[in-house]
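Accompanying notes for the structure given below.
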Amino acid sequence: MAAPRSTMKFWKPGSEAPGVSEERELPTETAASAVVHNPHAALSVEKQRQKLPVFKHRNNILYLVESYQTVVIVGETGCGKSTQIPQYLLEAGWAAEGKVIGVTQPRRVAATSVANRVAEERGAHLGHEVGYSIRFDDCSDPHATRIKFLTDGMLAREMMADPLLQAYSVLMLDEAHERTLHTDIAIGLLKKIQRKRRDLRVIVASATLDAKKFQNFFNLNESGDPNKDTCGIVSVEGRTFPVDIFYTLSPVPDYVKATVETVLKIHETEDDGDVLAFLTGQEEVETVVCMLQEQARTLSRHGLKKHLRVLPMYAGLPYSEQMRVFERVPPTVRKVVVATNIAETSITINGIVFVIDCAFVKLRAYDSRTAIDSLVVTPISKASASQRAGRAGRIRAGKCFRLYTEEDFEKLPESTVPEMQRCDLAPVVLHLKALGVDNVLRFNFLSPPPAQSLVQALELLYALGGLDQYGRLSEPVGVHMAEFPLSPMFAKMLLESGNFGCSKEIVTIAAMMQIQNVFVALPNQKKAAAREHRKFSVAEGDHLTMLNVYEAFEKHQKSSRWCQEHFLNYRGLVRAASIREQLRRMLNKFRVPRNSSEGDPDVILRCIVSGFFANAARLHHSGSYRTLRDDRELHIHPNSVLYGEKPPKWVVFNEVLQTSKYFMRDVTAVESAWLVELAPHFYKQAKHGSLASKRSKIL
Ligand code: CDP
Ligand code: MG
């Protein structure tokens, strides 16, 4: 058989020494007796619900929620926290008198998929009794919805309209261990609300959590009498099978390639069971899916009896395609799900027996020295590694292939740093100010962020005109900015667009910046795709290029066929259209005039600068760029239309991605004079501060 053979070599600690087993194939024996087919498959919904580990704790959980203001629930992923607890609460009457049981999720996909599942279990139509609300997509009914799943970011937004969250009787902060920015904001604010609303119940749920830390934080009892504690803890033991861990014998130079090889190796040598591979982002996932689909075709031509069904899973994937990973496959098919960190705790895919872990994750990072907020591919923590491995032991004994050595595993940090301590805090500060928290430095954070990051956030918001000289939210700019479901820089750009005379174009650009990978290309069609993509590209950069794409898409009646012919992401563009419409409505509400630049690009570029002046960089003689704020070295991302072209002298960018270097994404050429003219506060402040030397370079 000429099918491709994998060269990956693994070692299981505790077995023969790695040197000896070098030539050994992967163990192929999977005891047939260990295979337990999903025992729930044929049971009624009610019976299935009762089989879940959390069911045994139903009464105890309800009792604790009755007796304590806050309950911390720790339980293995898949034990039934997200789907069952809200239903127990509903059944126990917590949604009486029009109150809502709210469940927050750090990820959009978790909110929608869990809402779907719960609606299904209740035989309810999604959006009525059970609903969800995520940014740019609200599928809930203000009167009918009793259980509402929402992203933690949406909860933060709801607090602006309803500061005491009067609509809710219970709020469950799910996946709290992820410690996202918004979860942490919600934690701080809920504690504040609980002092005023003794009736509001908070449930903090997670698979891996330092329960004591949360209990200490939420306990409002200052009397020292434990009988008066306001926070209780439940621990739900899981029902999991052992997972054998394998490490590579030597470090893996390219984990994308290694993932493909390991999948093939599993497929060739292992018994039944689906595969889940973890990678860091959409692009890696798509690359691996493409490579594996190609291989799968070769394999089936060579008559391998089992087929591979390779499916991607990441946050930006359209809902219908995300749902495909949950579908059952016939016994002649092996399902391979290639996912981002989304599959670590947020979703449970049945049937997984093999896990491949690349050891990395893409996270936000903020360098308070340089004020750069970036996405970084960083090593995972030990807690994450064990959580990933655990995904293999859900239906029977499983195997986890770690694409790193055991030595490297030992070097991983124990747990991940909360996002609050590693991101740009401008949105947080703006939000807290909007909720009346004047002294953000004194806010009760579960894990306080570095003071310097807070100060930088205040400076930026002041420069954007969102705060006045006393640090208060300005009227109306700051108030409107806080209401926007986008970062302060985007909000400023949008709010200014009417004054520049280009709100029509700016709304489109802002919407297009919310979707990833507009240009698509299969590996074997790269040249043809590049030729098509060039038709939209302009020398000014990515923003105007994306404007061209969207306007052409509209001109061609939003046709999917047209997208296919031009190698454009049709679903992405449809989503952009929906986001665009919502942003347009917000601008209407804020009475931003509707106007168009009528083909004058400078007007649009100046408007972009008015929002993104803090993300400005100038060309350095070395050929790379340097930020104006702190002289940090940056490069143009290979996906930018400016990549490989004659580099403009001055650029602004939306985002930084950090891999081997710092890369700017969504980059546009600008004039240096605009920076000084449009950001006088920022660059005047620079005169006295650390930016002084940079200012002279602009002038
Ligand atoms: O939140 P937790 O990880 O504790 O579990 P859950 O999301 O409530 O899921 C409980 C069980 O429901 C899982 O073990 C799955 O078997 C099942 N489930 C499912 O089949 N389909 C879904 N979309 C969600 C859950
Ligand atoms: Mg869950």
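Structure data summary
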{"read-out": "Spacing of the two label points (7 Å from each Cα toward its C-beta) at residue 589 and residue 210, in nm", "value": "3.8 nm"}
{"read-out": "Over segment 425-483, equivalent-ellipsoid semi-axes from the Cα gyration tensor in Å", "value": "18, 12, 9"}
{"read-out": "Percent RCO, i.e. relative contact order, over the chain, from Cα pairs under 8 Å lying at least 6 residues apart", "value": "11 percent"}
{"read-out": "Qualifying lysines (Cα of each under 16 Å from Cα of residue 192; at least 8 residues distant if same chain)", "value": "433"}
{"read-out": "Accessible area of residue 526 in the full protein assembly, 1.4 Å probe (Å², nearest 10)", "value": "130 Å²"}
{"read-out": "Rounded accessible area per residue of segment 484-681, 1.4 Å, Å²", "value": "45 Å²"}
{"read-out": "Area accessible to solvent at residue 162, 1.4 Å probe radius, in Å²", "value": "40 Å²"}
{"read-out": "DSSP-assigned coil residues among GluC sites (Glu not before Pro) in segment 360-443, each with at most 11 further Cβ atoms within 10 Å", "value": "414"}
{"read-out": "Two-decimal Rg to Rh for segment 55-108 - Kirkwood Rh, Cα set", "value": "0.95"}
{"read-out": "Under-5 Å amide H pairs with residue 232, H placed in peptide plane, nonlocal only", "value": "70, 71, 72"}
{"read-out": "Among 119, 77, 593 the positive-end extreme of the charge dipole of the chain (Cβ point charges)", "value": "593"}
{"read-out": "Rounded FRET efficiency, nearest 0.05, which uses the C-beta distance separating residue 164 from residue 455 and R0 of 22 Å", "value": "0.15"}
{"read-out": "Whole-number accessible area per residue in Å² for segment 45-236, which is evaluated in the context of all protein chains at 1.4 Å", "value": "39 Å²"}
{"read-out": "Stretchable slack from residue 551 to residue 328, in nm (0.36 nm times residue separation minus alpha-carbon distance)", "value": "76.3 nm"}
{"read-out": "Solvent-accessible surface (1.4 angstrom probe) belonging to residue 230, in square angstrom, nearest 10", "value": "20 Å²"}
{"read-out": "The chain: C-alpha pair distances exceeding 52 Å, %", "value": "11 percent"}
{"read-out": "Protein-only accessible surface order, largest first, of 621, 128, 177, 637 at 1.4 Å", "value": "621, 128, 177, 637"}
{"read-out": "Protein-only accessible surface order, largest first, of 474, 415 at 1.4 Å", "value": "415, 474"}
{"read-out": "Segment 45-236, dipole about Cα centre (Lys/Arg Cβ +1, Asp/Glu Cβ -1), debye to the nearest 20", "value": "220 debye"}
{"read-out": "Helix-derived mean residue ellipticity, 222 nm - over the chain, DSSP H n ≥ 4, -39500 (n - 2.57), to 500", "value": "-11500 deg cm²/dmol"}
{"read-out": "Antiparallel DSSP beta bridges within the chain, percent to nearest 5", "value": "35 percent"}
{"read-out": "Probe 1.4 Å, protein heavy atoms only - accessible area per residue of segment 425-483 in square angstrom", "value": "42 Å²"}
{"read-out": "Gain on full stretching of the segment that runs from residue 438 to residue 67 - 0.36 nm per residue minus C-alpha separation", "value": "130.3 nm"}
{"read-out": "Residues of type lysines that residue 306 reaches as a straight line, Cα spacing below 18 Å, ignoring anything fewer than 8 places off in the same chain", "value": "265, 335"}
{"read-out": "Percentage relative contact order, segment 45-236, counting C-alpha pairs under 8 Å, at least six apart", "value": "31 percent"}
{"read-out": "Carbon and sulfur %, accessible surface of the chain computed with the full protein complex present, 1.4 Å", "value": "50 percent"}
{"read-out": "Inter-label distance for residue 633 and residue 197, nm, one decimal - labels placed 7 Å from Cα along Cα-to-Cβ", "value": "5.2 nm"}
{"read-out": "Two-site FRET efficiency, residue 414 against residue 447, from Cβ-Cβ distance with R₀ of 22 Å, rounded to 0.05", "value": "0.90"}
{"read-out": "Net length gained if the chain between residue 97 and residue 141 were fully extended (0.36 nm per residue, minus Cα distance)", "value": "14.3 nm"}
{"read-out": "Dimensions (Å) - segment 484-681, Cα atoms, principal axes, largest first", "value": "46, 45, 28"}
{"read-out": "Cβ-placed point charges (K, R +1; D, E -1), dipole of the chain about Cα centre in debye, nearest 20", "value": "620 debye"}
{"read-out": "Residue 527-residue 122 pseudo-label distance in nm [points 7 Å out on the Cα-to-Cβ vector]", "value": "5.7 nm"}
{"read-out": "Net charge contributed by nearby residues that have their C-beta within less than 12 Å of residue 596 (K/R +1, D/E -1)", "value": "-2"}
{"read-out": "At q = 0.14 Å⁻¹, base-10 log of I(q)/I(0) for segment 45-236 (Debye sum, equal scatterers on each alpha carbon)", "value": "-0.72"}
{"read-out": "Charge tally in the Cβ shell below 11 Å around residue 101, where Lys, Arg are +1 and Asp, Glu are -1, residue 101 excluded", "value": "+2"}
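The values are calculated or read from the model by the stated rules, or taken from the named source; none is laboratory data. Just so you know, these numbers come straight off a predicted model, no measurement behind them. Methodologically, a virtual Cβ is constructed for each residue, glycine included, from the backbone with ideal geometry; neighbour enumeration extends over all protein chains shown. The protein model used for the area step is the full one, side chains on, heavy atoms only, and it has no ligands, DNA or RNA in it. Shrake-Rupley method; radii C 1.70, N 1.55, O 1.52, S 1.80 Å.
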